[in-house]
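Here the structure is laid out as structure tokens; the discussion comes afterwards.
The values are calculated or read from the model by the stated rules, or taken from the named source; none is laboratory data. Values in this document were obtained by computation on a predicted structure and should not be read as measured data. Here the Cβ is made from the backbone with ideal geometry for all residues, glycine too, and neighbour counts use every protein chain on show.
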Amino acid sequence: MKELHATLEIELSLWAKGIQTVAGVDEAGRGPLAGPVVAAAVVFPSGSFIKGVEDSKKLSEKKREELFPLIHDQALGVGVGVVGHDVIDRINILQATILAMHKALDDLLVKPEFVIVDGTTFRHDRYKYQNIVDGDEKSFTIAAASIIAKVTRDRFMREYDLQYPAYGFGQHKGYGTKQHLEAIKRYGLCEIHRRTFDLHLGK
């Protein structure tokens, strides 16, 4: 199977139609057992490209941290939306993810003419948008948003690691690793755990 690389193909087709301000949107943190879900929205000047920007999952933490300020420097606007564990438990992770994406768009200083989003579930009443399966692998702008979302969320989790050092949030970022599950079994749940998720406690 051919590996996909983030390109400007989708953006070029939109720019060719006269749509100049295109926002790419992605999230980080749907799967973890603890912490927030974070979304980012990024708008670049038409024609912009940063070498090395790929789906955040393909990049090392060091590379993501290197690209983070470059994206901020070149973008016309970067918006971030954060939805905490308590809201995730109240409205479910799918709705919380869409809410985080809406918050990220609201946080943009430059309002986009069109929004491209990784996945299949995004909806919005005010913006024209397109859901793109594997968008973070295909679109440069969505890939940039994935990096902003991932770095931002990882920084939150490192802060939580200082508050709850027994759980190792700085290492696994809240995902259900063996280390994390053993800590839950030993210490129980802490404040930021998502109660509605299957926490694999064997109960």
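Okay, residues lined up against (1) of a type in the set (Val, Ile, Thr); (2) under 30 Å from Lys178 (Cβ atoms):
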residue: His72; (1), (2): no, no
residue: Ile98; (1), (2): yes, no
residue: Lys103; (1), (2): no, no
residue: Thr120; (1), (2): yes, no
residue: Gln130; (1), (2): no, no
residue: Asp134; (1), (2): no, yes
residue: Glu137; (1), (2): no, yes
residue: Ala144; (1), (2): no, no
residue: Pro165; (1), (2): no, yes
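Criterion applied to Gly135, Gly81, Gly119 was being closer than 23 Å to Asp198 by Cβ and within 13 Å of the chain's Cα centre (by Cα), and the one residue passing it is Gly119.
Residue pairs whose Cβ atoms lie under 6 Å apart, sitting 6 or more positions apart in sequence or on different chains, and linking a residue in the range 109-128 that is farther than 15 Å from Leu14 by Cβ to a partner that is of a type in the set (Asp, Glu), are Asp118/Asp26; Asp118/Asp136. For the range 162-178, what are the residues that are over 16 Å from Asp86 (Cβ atoms) and either of a type in the set (Asp, Glu) or surrounded by 13 or more Cβ atoms within 10 Å (Cβ to Cβ) (or both)? The answer is Tyr167, Gly168, Phe169, Gly170, Gln171, His172, Lys173, Tyr175, Gly176, Thr177. Residues in the range 92-107 that are more than 17 Å from Gly79 (Cβ to Cβ) and assigned to a loop (DSSP other than H, G, I, E, B): Asn92 only. Within the range 1-46, being modelled with pLDDT under 95 and buried (at least 19 other Cβ atoms within 10 Å of the Cβ) holds for one residue alone: Ala6. When Tyr160, Tyr127 are checked against the criterion of being among the aromatic types (Phe, Trp, Tyr) and in a helix (DSSP H, G or I), a single residue qualifies: Tyr160.
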